[in-house]
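The values are calculated or read from the model by the stated rules, or taken from the named source; none is laboratory data. Note that the coordinates shown come from a computational prediction; the quantities given were computed from them, not determined experimentally. Note: ideal-geometry Cβ built from the backbone for every residue, glycine included; neighbour counts use all protein chains shown.
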Amino acid sequence: MIAVDTNILVYAHRPESPLHERALVTLDELHAVGSPWGIPVHCLVEFAAVVSNPRIWRQPSSPSAIADQAAVWQESRGFRLLGDDAVVWSRSCELATRGHVAGGAWYDARVAAVCLAHGVRELWTADRDYSHFPAVR
């Protein structure tokens, strides 16, 4: 299974992003192949927070535009929404300890833990901070 991180979702959604076309093609390829792929719930919430932020965008995305975009992804062949469970917290702590992370990298540890809990073999991201977690490539 492949998981998609927040930054790729933002790039695909926001046409003014310099990586917009590349992100769209990436997500279109996932849909076309129909292989199992997913988005961690945390990444979907973070996506909504980023694209609706008026400090970042002149015209932030509305809640309905965000919901519509998420629905398109969720209706894609092979899609799964990747949620947390009781094991994710302890796995997050293990990953954070092994990766010597602090601050915002805890969010990345959580995403990595969710991915591992769901059998994700690849996390597609533009974020280099995941190098702290070699179990997720």
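Anything in segment 40-85 that is touching a Gly at 6+ places or on another chain (Cβ under 7 Å), surrounded by fewer than 18 Cβ atoms within 10 Å (Cβ to Cβ) and within 26 Å of A105 (Cβ to Cβ)? List them, or say none.
Within segment 40-85, V41, R80, L81 meet the criteria.
From the list T6, T97, pick out the single residue that is in contact with an Asp or Glu (Cβ under 6 Å, 6 or more places away or on another chain) and of a type in the set (S, T, Y).
Step by step, each of T6, T97 is checked, and only T6 is in contact with an Asp or Glu (Cβ under 6 Å, 6 or more places away or on another chain) and of a type in the set (S, T, Y).
Can you tell me which residue within segment 7-39, out of those that are of a type in the set (V, I, T) and either in contact (Cβ under 8 Å) with a residue 60 or more places away in the chain or not in a helix (DSSP H, G or I) (or both), is surrounded by the fewest Cβ atoms within 10 Å (Cβ to Cβ)?
Taking the candidates together, the pick is T26.
Has segment 112-119 got at least one residue that is without any contact (Cβ under 8 Å) to a residue 12 or more places away in the chain and exposed (fewer than 13 other Cβ atoms within 10 Å of the Cβ)?
For segment 112-119, residues without any contact (Cβ under 8 Å) to a residue 12 or more places away in the chain and exposed (fewer than 13 other Cβ atoms within 10 Å of the Cβ): absent.
I want to confirm something. Restricting to segment 7-50 and keeping residues that are in contact with a Ser or Thr (Cβ under 8 Å, 6 or more places away or on another chain) and β-branched (V, I, T), which single residue is farthest from T125 (Cα to Cα)?
So the residue we want is V50.
Inside segment 67-99, can you point out the residues that are within 21 Å of E122 (Cβ to Cβ) and either in contact with a Pro (Cβ under 7 Å, 6 or more places away or on another chain) or in contact (Cβ under 8 Å) with a residue 40 or more places away in the chain (or both)?
W73, S76, R77, G78, F79, R80, L81, L82, G83, D84, L95
Residue under question is S92, and the condition is that it be surrounded by 15 or more Cβ atoms within 10 Å (Cβ to Cβ) and touching a Lys or Arg at 6+ places or on another chain (Cβ under 6 Å); does it hold?
Against the criterion (surrounded by 15 or more Cβ atoms within 10 Å (Cβ to Cβ) and touching a Lys or Arg at 6+ places or on another chain (Cβ under 6 Å)), S92 qualifies.
For segment 48-59, which positions are within 18 Å of H20 (Cβ to Cβ), without any contact (Cβ under 8 Å) to a residue 40 or more places away in the chain and over 19 Å from the mean Cα position of the chain (by Cα)?
Those that are within 18 Å of H20 (Cβ to Cβ), without any contact (Cβ under 8 Å) to a residue 40 or more places away in the chain and over 19 Å from the mean Cα position of the chain (by Cα): R58, Q59.
Can you spot a residue in segment 64-78 that is over 17 Å from I2 (Cβ atoms), touching a His at 6+ places or on another chain (Cβ under 9 Å), assigned to a loop (DSSP other than H, G, I, E, B) and modelled with pLDDT of 95 or more?
Within segment 64-78, not a single residue is over 17 Å from I2 (Cβ atoms), touching a His at 6+ places or on another chain (Cβ under 9 Å), assigned to a loop (DSSP other than H, G, I, E, B) and modelled with pLDDT of 95 or more.
I'm trying to understand the selection: among the residues of segment 81-124, which are assigned to a loop (DSSP other than H, G, I, E, B), touching a strand residue (DSSP E or B) at 6+ places or on another chain (Cβ under 8 Å) and either farther than 13 Å from H42 by Cβ or β-branched (V, I, T) (or both)?
Scanning segment 81-124 gives V120, R121.
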